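Note sheet for the following structure.
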Amino acid sequence: NGHQTVTLREGSVPADRDFVLEWTPTPSEAPQAAVFAEQVGSDAHLLVMMVPPVAGSAEGAPREPRVFDRPRELIFVIDTSGSMYGASLDQAKAAVFAALKRLKTEDRFNIIQFNDQTHALFPRAAAVSVGNVAQAWHYVSALEGEGGTVMRPALEAALAEQPSEEQAGGAFLRQVVFLTDAAIGNEAELFGEVAKRLGDSRLFTVGIGSAPNSYFMRKAAELGRGSFTYIGDLSEVESRVDALLTKLEQPALTDIRVGWPLSAGKRMEIYPTPLPDLYAGEPVTFAARLQDVDLAQLDGQLLITGT
């Protein structure tokens, strides 16, 4: 009856690792939206899911996938602390190498590494040229894991860069990819930093190694209007990073706004705020609480707009 039950093969096991459940929505020829509702006391609670269409399959759409023609500014942030030494840093470097191969000439990029010190390859995001990419390749190859994990200056450096004059007005879609094992304990401070400095950037976190701080990574990505990707071992790097980079190249709807019917009242809370972008192959889900609204009286249409 529409339910699935998931059990661990070995019954009870120690809770010393993350349990990862992955699912894929059924491909559709048109955008799909679903709304789930529940009355809790005097408030109506909603869970809204938006699923993008298969590229080029919507009615009246061209059969070839539409090319995303807005240039991107990609900032790669790599954790090079001692806890990343060995296989974890090898994974992070392999991920950046894969990303460098996919950059387009109209894009811009930068690489920031951090341990107890933070250092950026370029003073600001640089053009994708043969020379700059070669310089980045050598820079990443030479990275070694040592020192402590001081994440805040790296977040500040990645998010604080102001767009240049030609970028003003949103010409570039700014995507920050943060690769770390997240061996930190000051989550609340870092969440505040993301919320304060995000601006028009999108933050995508990539968890490296066998035990990343998934709570921090997932929450930071939510606040950063991005998503969290987990890479558990070296054999997963190519497929995981390829999937993430493919997604980042195919935004289906950016700068999403929601218009509510009059029956939703005037007092509402939405989480996360602002809403993340909608990417090909990945749904966007958000929750809303409509204060002092009777679910039985809730009607009308939910209007979702974006670019």
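Please pick out the residue among Asp294, Asp255, Asp299 that is among the acidic types (Asp, Glu) and touching a strand residue (DSSP E or B) at 6+ places or on another chain (Cβ under 8 Å). Give the derivation first.
Details: Asp255 fails: touching a strand residue (DSSP E or B) at 6+ places or on another chain (Cβ under 8 Å); Asp299 fails: touching a strand residue (DSSP E or B) at 6+ places or on another chain (Cβ under 8 Å).
Result of the check over Asp294, Asp255, Asp299: Asp294.
Please state which of the following conditions Tyr230 fails to meet, knowing it meets all the rest: (1) over 14 Å from the mean Cα position of the chain (by Cα); (2) of a type outside the set (A, V, I, L, M); (3) assigned to a strand (DSSP E or B); (4) at pLDDT below 85.
(1)
Need pairs with beta-carbon distance below 9 Å; first residue under 11 Å from Asn132 (Cα atoms) and open to solvent by 40 Å² or more (accessible area, probe 1.4 Å) and within the stretch 91-111, second part of a loop (DSSP other than H, G, I, E, B) and basic (Lys, Arg); sequence gap 6+ or separate chains.
Every condition considered, the pairs that remain are Arg108/Arg124.
Any chance you could count how many residues in the stretch 249-268 are at pLDDT below 90 and in contact with a helix residue (DSSP H, G or I) (Cβ under 9 Å, 6 or more places away or on another chain)?
1
Return the residues of the stretch 279-295 that are surrounded by fewer than 16 Cβ atoms within 10 Å (Cβ to Cβ) and on the phi > 0 side of the Ramachandran plot; say none if nothing qualifies.
Asp292 - this is the single residue of the stretch 279-295 that is surrounded by fewer than 16 Cβ atoms within 10 Å (Cβ to Cβ) and on the phi > 0 side of the Ramachandran plot.
Would you please list the contacts, defined by Cβ atoms under 6 Å and residues six or more apart or on different chains, that run from a residue in the stretch 276-291 that is within 17 Å of Thr246 (Cα to Cα) and of a type in the set (A, V, I, L, M, F, W, C) to a residue that is open to solvent by 20 Å² or more (accessible area, probe 1.4 Å) and part of a strand (DSSP E or B)?
Leu278/Ala252; Leu278/Leu253; Ala280/Ala252
Every residue in the stretch 233-272 that is assigned to a loop (DSSP other than H, G, I, E, B), in contact (Cβ under 8 Å) with a residue 12 or more places away in the chain and more than 19 Å from Arg72 (Cα to Cα), please.
Of the residues in the stretch 233-272, the ones assigned to a loop (DSSP other than H, G, I, E, B) are 233, 249-250, 254-256, 260-261, 265-267, 272.
Retained after the next criterion (residues that are in contact (Cβ under 8 Å) with a residue 12 or more places away in the chain): 233, 249-250, 254-256, 260-261, 265, 267, 272.
Matches in the stretch 233-272: Asp233, Trp260, Pro261, Gly265, Arg267, Pro272.
Could you run through the stretch 121-160 and say how many residues are within 19 Å of Arg202 (Cβ to Cβ) and either open to solvent by less than 60 Å² (accessible area, probe 1.4 Å) or of a type in the set (Phe, Trp, Tyr) (or both)?
Count: 10.
If we keep just the residues of the stretch 31-46 that are open to solvent by 80 Å² or more (accessible area, probe 1.4 Å) and not in a loop (DSSP other than H, G, I, E, B), which is farthest from Ala252 (Cα to Cα)? Step through it out loud before you land on a result.
If we filter the stretch 31-46 for residues that are open to solvent by 80 Å² or more (accessible area, probe 1.4 Å), which is where we start, we get 31-32, 35-36, 38.
Then drop every residue that is not not in a loop (DSSP other than H, G, I, E, B), which leaves 32, 35-36, 38.
Numbers: Gln32: 13, Val35: 20, Phe36: 23, Glu38: 29 Å.
My answer is Glu38.
With the condition kept exactly as written, say whether any residue in the stretch 114-133 is among the β-branched types (Val, Ile, Thr) and either under 19 Å from the mean Cα position of the chain (by Cα) or under 27 Å from Arg218 (Cβ atoms) (or both).
Taking the stretch 114-133 and keeping what is among the β-branched types (Val, Ile, Thr), we get 118, 128, 130, 133.
Imposing the further condition that a residue be either under 19 Å from the mean Cα position of the chain (by Cα) or under 27 Å from Arg218 (Cβ atoms) (or both) reduces the set to 118.
Checked against the condition, which is being among the β-branched types (Val, Ile, Thr) and either under 19 Å from the mean Cα position of the chain (by Cα) or under 27 Å from Arg218 (Cβ atoms) (or both), the stretch 114-133 yields at least one hit.
Open to solvent by 60 Å² or more (accessible area, probe 1.4 Å) and under 25 Å from Ala171 (Cα atoms): does that describe Glu249? Talk me through it step by step, then tell me what you get.
On the way: open to solvent by 60 Å² or more (accessible area, probe 1.4 Å): no; under 25 Å from Ala171 (Cα atoms): yes.
Here the answer is no, as Glu249 does not meet what is asked.
Looking at Gly192, Gly185, Gly224, can you tell me which residue is touching a helix residue (DSSP H, G or I) at 6+ places or on another chain (Cβ under 6 Å) and either under 19 Å from Val150 (Cβ atoms) or open to solvent by less than 10 Å² (accessible area, probe 1.4 Å) (or both)? Walk me through it before giving the result.
Working: Gly192 fails: touching a helix residue (DSSP H, G or I) at 6+ places or on another chain (Cβ under 6 Å); Gly185 fails: touching a helix residue (DSSP H, G or I) at 6+ places or on another chain (Cβ under 6 Å).
Checking each option against the conditions leaves just Gly224.
The values are calculated or read from the model by the stated rules, or taken from the named source; none is laboratory data. This structure is a prediction, so every number in the text was calculated from the model and none was measured. Cβ: placed from backbone, ideal geometry, glycine included. Neighbour counts: every protein chain shown. Side chains included, ligands, DNA and RNA excluded: accessible areas come from the protein's heavy atoms. Shrake-Rupley method; radii C 1.70, N 1.55, O 1.52, S 1.80 Å.
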